[in-house]
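K.L.:
Structure incoming, see below.
The values are calculated or read from the model by the stated rules, or taken from the named source; none is laboratory data. Treat the numbers as computed from the prediction; the structure is a model and nothing was measured. All Cβ positions, glycine included, derive from the backbone under ideal geometry; neighbour counts span all protein chains shown.
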Amino acid sequence: MQRHICFLVYSGFVLLDLSGPLEAFANASRARPSGYRFTVASLEGGLISASCGLQVATQALQVVDQLDTLIIVGAPTAPIDDRMPPMAAAIRQMSPRARRTASVCTGAFLLAESGLLDGRVATTHWNYAPQLQARYPALRVDGDRIWTEDGNVWTSAGMSAGIDMALAMIEQDLGKEVSRAVARMLVVYYRRPGGQYQFSSLQDFDPGSDRIRTVLSYVRDHLRDDLSVERLAEVAHMSVRQFGRVFAASVGVTPAKAIERLRIESARPLVEDGHQTFEEIARCFGFGDADHMLRSFVRVVGRTPQELRRSTRQAKGNAGAGAGNKGDPSPA
């Protein structure tokens, strides 16, 4: 039995928020013909204009049937206007008929308005995460994550993150091999973990100095090692005093703070994954021990590794319970 994926669009939606995940599911269906079928829907049906001006033919939402997954796409800005009330009402009506409901980018605002995100962890594009949290205090926004799964509700960050979320859904539905095959066909990284930051610290740190870029790359490749200022100065071919001054001027933070952020960014997916002890992870990424790693996470992330792991396990447990309640269609 094919799983029916319905994308809900509206005037001014972002085309990539639709086409990226849609193409991922379409490739999965080419690899496994029993995989998915698709509908692009809007409230009234007919031609709907994307933000780029391209028009997309849609089906009226009320005639969509046998729904497996409902995905609400995003807009270039938070859709807080006259589109919101009728969209939120339609989502409230349709979501109980779906095994899972999801959003891409600012589509999370419509999910939140519908009440589906109350009490859940959600994400959206990093630029709109503070606005989402302020407008909807009943949910908890994690603006760092690429995508989240809390029970049967999924949310993702902007643009290409919708593809990452789709690959995770494909893995859940059809297995890792199909998901890997789709990633290869789309020439994208195989399912970036949801806990990965929306943008890399190496990208965030944008030094004007080639020597400092070399140092940052060295740090990323040697997180397990003793990254003393003396060693990094050697990599940069500078004196210790000159290196400290040039690094802070180029990057905006001290070498110690930059190293801490890079270690946390690399360690967080393993912390949330739950397969390794905190001591093992701490040694692997140069924290020294679990206590030092805990203090770093509290300082930078605002949460302990234990809290991150616990919330991830809770979300996975809710997802399993949700799937059990709704029933997972068996592939033909």
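K.L.:
With the requirement that a residue be over 18 Å from Ile5 (Cα atoms) and in contact (Cβ under 8 Å) with a residue 12 or more places away in the chain, what does the stretch 161-181 give you?
P.N.:
Ala181
Yes/no per residue for (1) assigned by TED's automatic domain parsing to the domain that holds Glu177; (2) on the phi > 0 side of the Ramachandran plot; (3) touching a Gly at 6+ places or on another chain (Cβ under 7 Å):
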residue: Pro33; (1), (2), (3): yes, no, no
residue: Gly46; (1), (2), (3): yes, yes, no
residue: Cys52; (1), (2), (3): yes, no, no
residue: Ala60; (1), (2), (3): yes, no, yes
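K.L.:
Something else now. On the given criteria, is Asp173 under 29 Å from Arg37 (Cα atoms), modelled with pLDDT of 90 or more, acidic (Asp, Glu) and in contact with a strand residue (DSSP E or B) (Cβ under 6 Å, 6 or more places away or on another chain)?
P.N.:
In short, no.
K.L.:
Has the stretch 187-209 got at least one residue that is out of contact with any His (no Cβ under 8 Å at 6 or more places or on another chain), surrounded by fewer than 22 Cβ atoms within 10 Å (Cβ to Cβ) and at pLDDT 90 or above?
P.N.:
no
K.L.:
I've got another one for you. Within the stretch 119-158, take every residue that is hydroxyl-bearing (Ser, Thr, Tyr) and either surrounded by fewer than 22 Cβ atoms within 10 Å (Cβ to Cβ) or farther than 16 Å from Ile71 by Cβ (or both) and give me the one that is nearest to the chain's Cα centre (by Cα).
P.N.:
Going residue by residue through the stretch 119-158, those that are hydroxyl-bearing (Ser, Thr, Tyr) are 123-124, 128, 136, 148, 155-156.
With either surrounded by fewer than 22 Cβ atoms within 10 Å (Cβ to Cβ) or farther than 16 Å from Ile71 by Cβ (or both) added as a condition, the list becomes 128, 136.
Values: Tyr128: 14, Tyr136: 19 Å.
Among residues in the stretch 119-158 that are hydroxyl-bearing (Ser, Thr, Tyr) and either surrounded by fewer than 22 Cβ atoms within 10 Å (Cβ to Cβ) or farther than 16 Å from Ile71 by Cβ (or both), the one nearest to the chain's Cα centre (by Cα) is Tyr128.
K.L.:
Name the residue, out of Val300, Val271, that is of a type in the set (A, V, I, L, M, F, W, C), out of contact with any Ser or Thr (no Cβ under 7 Å at 6 or more places or on another chain) and surrounded by fewer than 17 Cβ atoms within 10 Å (Cβ to Cβ).
P.N.:
None of the others qualify; the one that does is Val300.
K.L.:
Can you go through Gly158, Gly119, Gly143 and tell me which one is touching a residue at least 60 places away in the same chain (Cβ under 8 Å) and assigned by TED's automatic domain parsing to the domain that holds Ala24?
P.N.:
The unique qualifying residue is Gly158.
K.L.:
Please enumerate the residues belonging to the stretch 221-252 that are within 27 Å of the chain's Cα centre (by Cα) and surrounded by 16 or more Cβ atoms within 10 Å (Cβ to Cβ).
P.N.:
Once the filter is applied, which keeps residues that are within 27 Å of the chain's Cα centre (by Cα) and surrounded by 16 or more Cβ atoms within 10 Å (Cβ to Cβ), the stretch 221-252 yields Leu223, Val251.
K.L.:
Is it true that Pro76 is of a type outside the set (Gly, Ala, Ser) and either touching a helix residue (DSSP H, G or I) at 6+ places or on another chain (Cβ under 7 Å) or surrounded by 13 or more Cβ atoms within 10 Å (Cβ to Cβ) (or both)?
P.N.:
It is true that Pro76 is of a type outside the set (Gly, Ala, Ser) and either touching a helix residue (DSSP H, G or I) at 6+ places or on another chain (Cβ under 7 Å) or surrounded by 13 or more Cβ atoms within 10 Å (Cβ to Cβ) (or both).
K.L.:
Provide a single number: the residues in the stretch 263-303 that are outside any helix (DSSP H, G or I), at pLDDT 90 or above and of a type in the set (D, E, K, R).
P.N.:
1
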